[in-house]
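Structure record follows, encoded as structure tokens.
The values are calculated or read from the model by the stated rules, or taken from the named source; none is laboratory data. All values derive from a computational prediction rather than experimental measurement. Here the Cβ is made from the backbone with ideal geometry for all residues, glycine too, and neighbour counts use every protein chain on show.
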Amino acid sequence: MSQQQEIFVTTADEIPGYMVIQILGIVVGTSLLYKKFDLNKEEEAKKFLELSEKARLTAMDEMIKRAKEINSNAIISIRFDSHRINDEYDEIIAYGTAVKVIKNIH
């Protein structure tokens, strides 16, 4: 499977029109979020929101990369979580179940 191949990513447990034919396992992606901002200042709050979104996308991209490495073409039941590392950083975690799906012929 090429790294460029599209992959389904969903919070749902199934993909309409597709059937899971193999469960490959849990895939996880992580990133760090710097959080030492004064959220009472509008500019710093905006910067924090931008970095939060980037951290989620980075974690998701890493999760997708890991799924492709095991030849998955879909990730179902994805979730996000976070873990406090210290006063300055949180770990952002994206995880889900890597599966192989085929188009349902019914």
Any idea which residue in the range 1-46 is nearest to Arg66 (Cα to Cα), counting only those that are surrounded by 14 or more Cβ atoms within 10 Å (Cβ to Cβ) and either among the charged types (D, E, K, R) or touching a His at 6+ places or on another chain (Cβ under 8 Å) (or both)? Glu14
Is it true that Asn71 is exposed (fewer than 13 other Cβ atoms within 10 Å of the Cβ), modelled with pLDDT of 95 or more and assigned to a loop (DSSP other than H, G, I, E, B)? yes
Can you tell me which of Glu62, Glu91, Glu50 is surrounded by fewer than 19 Cβ atoms within 10 Å (Cβ to Cβ), outside any helix (DSSP H, G or I) and among the acidic types (Asp, Glu)? Glu91
Matching residues in the range 15-51 (in contact with a strand residue (DSSP E or B) (Cβ under 7 Å, 6 or more places away or on another chain) and touching a residue at least 40 places away in the same chain (Cβ under 8 Å)) number 20
Report yes if Asp38 is charged (D, E, K, R), in a strand (DSSP E or B) and farther than 30 Å from Gln22 by Cα, otherwise no. no
